[in-house]
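Report on the structure given below.
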2 protein chains.
Amino acid sequence: MPNAEALAALRLPGFLPYRLATLSNRISRTIARLYSERFDLSIPEWRCMAILGETPDISATEVAERGALDKVAVSRAIARLRAKGRVERHIAPDDRRRSVLALSAAGEKIYREIVPLALAYEEALLKRLSDEERATLDRILRRLESMDLEKLVE
Amino acid sequence: MPNAEALAALRLPGFLPYRLATLSNRISRTIARLYSERFDLSIPEWRCMAILGETPDISATEVAERGALDKVAVSRAIARLRAKGRVERHIAPDDRRRSVLALSAAGEKIYREIVPLALAYEEALLKRLSDEERATLDRILRRLESMDLEKLVE
DNA sequence: GGCAATCAGTTTCATTTGAAACTAATATAA
DNA sequence: TTATATTAGTTTCAAATGAAACTGATTGCC
């Protein structure tokens, strides 16, 4: 009598982690294409610019924290942005290990071009949802974001 | 009078594409760690196994379609799974280009171990949501999934 | 039949990513 | 002070990924 216990079915298309991963990858890819074609900007570069555009004069470590990037990714992104003249770096006077990063004038200019595009993209996504659905989505995401996923795995 | 037009603010933490990407990456990383530590299985390998576990005897192209993977990723994942003896491949009698893939007995065994873990993980995520929130999340995801993202970018 | 176009799957090569080691500066503490 | 540990950021090296070229099989069309 093989397989007496029925195995609960796992259908990938309905599996939440799979759905989130594929949806978010599709969104990220289209956005990445938009940014890279028009502005020669990778996703980590764009994240760094977005953070520095809103909060200038912070260190690489702070950029990493705010942008959910690791410090290696930030180091590389900032190096490229500096090479393109979009970010300027100074040394913190009180701690010469720390850098003080900010968009250059050229970086600012690009930032101001991208922000409306990014917001329009988001609005196009949200347009399909009712106000109530948007509120629920926000609440759900906040709840999932606040979970300690590492401890979820036993 | 510089900057007469106020720039609409873009706060990354509230930006939907950013939220989806970081949340889904965190979930994927914890799951990947779970699978790889216990079962020596990467995400693409796990996806292939999940698909073949539910729908055996399909071709690599079908695996790719169902698993939202490109054919290169499937080719590599299947090669590794075959090397580990978890997947068996035959040649389709009617078309000798096409392969017919299925889990081996060893693959089946692992599959049956993983499915309950995966479902438990999902359940732990969903446990925090009310029935109504779950239904709304499902509806929202379906709506976003059905969007033609490529055309969203003008 | 025979020849071009298409399709399934693989391989190659360049780029990206991630983990760990590393450098330089600062903090801690004997 | 002077060792020791910690922190900020970079570099290195191996593995993962993606795009394009490739191989072998099939189809469509003359």
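Yes or no, residue by residue, for (1) open to solvent by 60 Å² or more (accessible area, probe 1.4 Å); (2) closer than 22 Å to A:Phe15 by Cα; (3) within 12 Å of DNA strand C (Cβ to nearest atom); (4) under 18 Å from the mean Cα position of the chain (by Cα):
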| site | (1), (2), (3), (4) |
| --- | --- |
| B:Trp46 | no, yes, no, yes |
| B:Ile51 | no, yes, no, yes |
| B:Ala60 | no, yes, yes, yes |
| B:Leu69 | no, yes, yes, yes |
| B:Ala73 | no, yes, yes, yes |
| B:Ala77 | no, yes, yes, yes |
| B:Arg82 | yes, no, yes, no |
| B:Arg89 | yes, no, yes, no |
From the list A:Leu16, A:Leu41, A:Leu10, A:Leu20, which residue is touching a Gly at 6+ places or on another chain (Cβ under 8 Å) and open to solvent by less than 40 Å² (accessible area, probe 1.4 Å)?
-> A:Leu10
Only listed residue being at pLDDT 95 or above, in contact with a strand residue (DSSP E or B) (Cβ under 6 Å, 6 or more places away or on another chain) and basic (Lys, Arg), chosen from B:Arg97, B:Arg89 = B:Arg89
Name the residues in region A:103-117 that are without any contact (Cβ under 8 Å) to a residue 24 or more places away in the chain and of a type in the set (Ser, Thr, Tyr), would you?
-> A:Ser104
Checked against (1) open to solvent by less than 70 Å² (accessible area, probe 1.4 Å); (2) more than 16 Å from DNA strand D (Cβ to nearest atom); (3) within 27 Å of B:Leu125 (Cα to Cα), B:Thr30 satisfies every condition except (2)
When you look at B:Asp94, is it surrounded by fewer than 17 Cβ atoms within 10 Å (Cβ to Cβ), near DNA strand D (Cβ under 9 Å from one of its atoms) and more than 18 Å from the chain's Cα centre (by Cα), yes or no?
-> yes
Across region B:97-118, which residue is farthest from the chain's Cα centre (by Cα) among those that are within 16 Å of DNA strand D (Cβ to nearest atom) and of a type outside the set (S, T, N, Q)?
-> B:Arg97
Which residue pairs have Cβ atoms closer than 6 Å, lie 6 or more positions apart in sequence or on different chains, and pair a first residue in region A:131-147 that is charged (D, E, K, R) with a second residue that is open to solvent by 50 Å² or more (accessible area, probe 1.4 Å) and outside any helix (DSSP H, G or I)?
-> A:Arg143/B:Arg128
Test: B:Tyr18 is more than 7 Å from chain A (Cβ to nearest Cβ), closer than 20 Å to A:Thr55 by Cβ and assigned to a helix (DSSP H, G or I) = yes
Only one of these is in a helix (DSSP H, G or I) and either of a type in the set (Phe, Trp, Tyr) or over 30 Å from B:Met147 (Cα atoms) (or both): A:Ala32, A:Ala64, A:Ala102. Name it.
-> A:Ala64
Yes or no: B:Arg82 in a loop (DSSP other than H, G, I, E, B) and without any contact (Cβ under 8 Å) to a residue 12 or more places away in the chain?
-> no
Pairs, please: C-beta under 6 Å, at least 6 apart or cross-chain, first residue within 11 Å of chain A (Cβ to nearest Cβ) and in region B:60-73, second more than 9 Å from DNA strand C (Cβ to nearest atom) and of a type in the set (S, T, N, Q)?
-> B:Ala68/A:Thr22
Look through A:Leu101, A:Leu152 and report the one residue that is more than 9 Å from chain B (Cβ to nearest Cβ) and more than 28 Å from B:Val153 (Cα to Cα).
-> A:Leu101
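The values are calculated or read from the model by the stated rules, or taken from the named source; none is laboratory data. Here the structure is a predicted model, which is why all the values come from computation and not from measurement. Quick reminder, even Gly has a Cβ in these numbers, built from the backbone with ideal geometry, and neighbours come from all protein chains shown. We work out accessible area using only protein heavy atoms, side chains counted, and drop any ligands, DNA or RNA first. Shrake-Rupley method; radii C 1.70, N 1.55, O 1.52, S 1.80 Å.
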